[in-house]
Each structure stands twice: as C-alpha cells, then as structure tokens.
Amino acid sequence: MKKENIDQLVKIEYHQTDNLSLIDSQLTFFQIYYVISGKGTFKINNNIACFSEGSLILLTPNDQQHLEIIEKTELLLVKFSERYVKDYKWNSINSMDCLLYRASYLSGCILQNKPDIVLVNSIVSSLLHCLNHPDLYHEELTLHYVNALIVIAARNISKMRPENLPSNADKRILDIINYIQGNIHDPELLKVSVIAREFGLSETYLGSYFKRQCGETIQYYILNYKMRLIEHRLLFSDMRINEIVTEFGFSDESHLNKFFKKKHHMSLTEFKKQRK
C-alpha cells in the first residue's frame, strides 16, 4: 500500500467513481470525505464502516484506507496537512489537532449532530461551486469553507460518547471528559482538586462518580488519554522529543521518558524506531 502525500496545505478534490482502485493508500495528512451520492464500505485500518449519501468521514495521518463501491459514488475530498491545523488560529478551540486525532478511535460517519447536516450540505455545495467556477479570491473563500467544515467535524467528534461510557451517561460526565481533553496540555488544570472545583464537586465524590460512569479512575483516564496523544506525536508527526516535553507540560525529557516507560517499557526513541 503506497503512501499518499499532498504538495499543499489544503486541497479539494471531486471524484465520481465505480472503480475500486481510486482509494487504496496510507495517508500522511488529514482527509474529510463527504459522500454526495452512492454507497459502499470503507476499511479504515482494521475497522470496516458503511457509507451512504450524506456520510462525513474523517481520516487522520497514517490511516490506511480502502474503499469498496456498491453503487456509483460521488465524493468530495478535503485534504489538509497537520501543519495547517497546528498553525491556524482557531480562537476558542484549544489543541484542534488533538481533537481531530480522536477520529482515529472512531469509525464511520462522524456527523451525529443533526443541526450540522444542513450546514455541511451548504458548505459542500459552496466548495463544489468554488471548484467548478474559480473566480477572484476563490482560494481565500475556499479556505473559509474548509475551516468551517473542520470546526463542524471537531464539534461532532467532541460530542461523541467515549467508548467506556454507558448509553445513559449523563451530561455532566461528558462535560468533565471534554474539560480533560481540552486541557490535556496543562498539568495544573488536570489536578483532581482543580477539576472538582471547576464542577462544584468534592474530590472524593468526583473520583467515585467518574469511576462509576467510566469504569476507570479519573487519573487513569487522564494518563491514558495523554499517552495516546504522545504516541500519535511520535508516530505521525515530525516533532522532536523536547517539543513534546514542552507541549504536554513535562519538566524535562527524563520526566517524559519515565512516564512513557511505565506503559511501553522502552524509551520514546526506541518506541519510535520500532514502530517506524
């Protein structure tokens, strides 16, 4: 399976196909698929998901993908680099790239927030118009539409229920998890005492409540989520270890290595070489 690259920060493509060979590759960038018409199945890494008209699917760097067509399909592909996501100023959204990487733990259509369906349809129509009728400043206009689509994808991912949560989980636990994920780079804001104060709970109650709702302790959840993001940094980005140290608030490289070895029983450098 060959690696697929893009030579620009953002790229828009339209495809109409009944050919299985159109998409069978490993990505080095983020990619949003919007299914304009048709149906079939995606194999993304080891997960198989069906798609049909209106499906919005997000793939992350290093995902392996294979498309199987059941009937003739129209696709809009929005490709954008990790560097674009990192460098763009997203105002109130912290760590947009970390949020988007959560799609690698999901499968299938991420468009679960029903009011967003109308917005996505409108954005896709506008992107197709820009693609087919380039005019003055069309590149700037296209980027605005792409950014809106990325924000909608992020919003829908953030609203998805974590894997261990029961179907009847209440809103407060989802708010707590969103708080943790949004502040994962700041160790001070991840202290149990700070989280408890933020949500008007005692530390004891927060601990038992989180364990009851999620089936694991809040400390374990924080460490495990942080570990998954660090693994992504090592495998799918060109970040140096000292940059990861700074990003996640470790005191130095030795501190990060000690944290990492508790799970993987090897250093970050050894892990990166082995997986590469």
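Which ranges mark the strands (runs of 3 or more DSSP E) fully within the stretch 39-90 that have 1 or more residues being charged (D, E, K, R) and in contact with a strand residue (DSSP E or B) (Cβ under 9 Å, 6 or more places away or on another chain)?
Per the criteria, 64-80.
Rundown of residues vs (1) closer than 13 Å to LYS226 by Cβ; (2) assigned to a helix (DSSP H, G or I); (3) in the same structural domain as SER81 (by TED's automatic domain parsing), yes/no style:
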| position | (1), (2), (3) |
| --- | --- |
| ASN242 | no, yes, no |
| SER254 | no, yes, no |
| PHE260 | yes, yes, no |
| MET266 | no, no, no |
| THR269 | no, yes, no |
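Checking each residue in the stretch 217-264 for being over 26 Å from ASP63 (Cβ atoms) and among the charged types (D, E, K, R) picks out ASP252, GLU253, LYS258, LYS261, LYS262. Tell me which residues, restricted to the stretch 57-95, are in contact (Cβ under 8 Å) with a residue 40 or more places away in the chain, under 18 Å from GLN8 (Cα atoms) and not hydrophobic (A, V, I, L, M, F, W, C). Selection gives THR60, PRO61, ASN62, LYS79, SER81, GLU82, ARG83, TYR84, TYR88.
The values are calculated or read from the model by the stated rules, or taken from the named source; none is laboratory data. It should be emphasised that the depicted structure is a prediction, and the values quoted were computed from it without experimental measurement. Backbone-built Cβ (ideal geometry, glycine too); neighbour counts: all protein chains shown.
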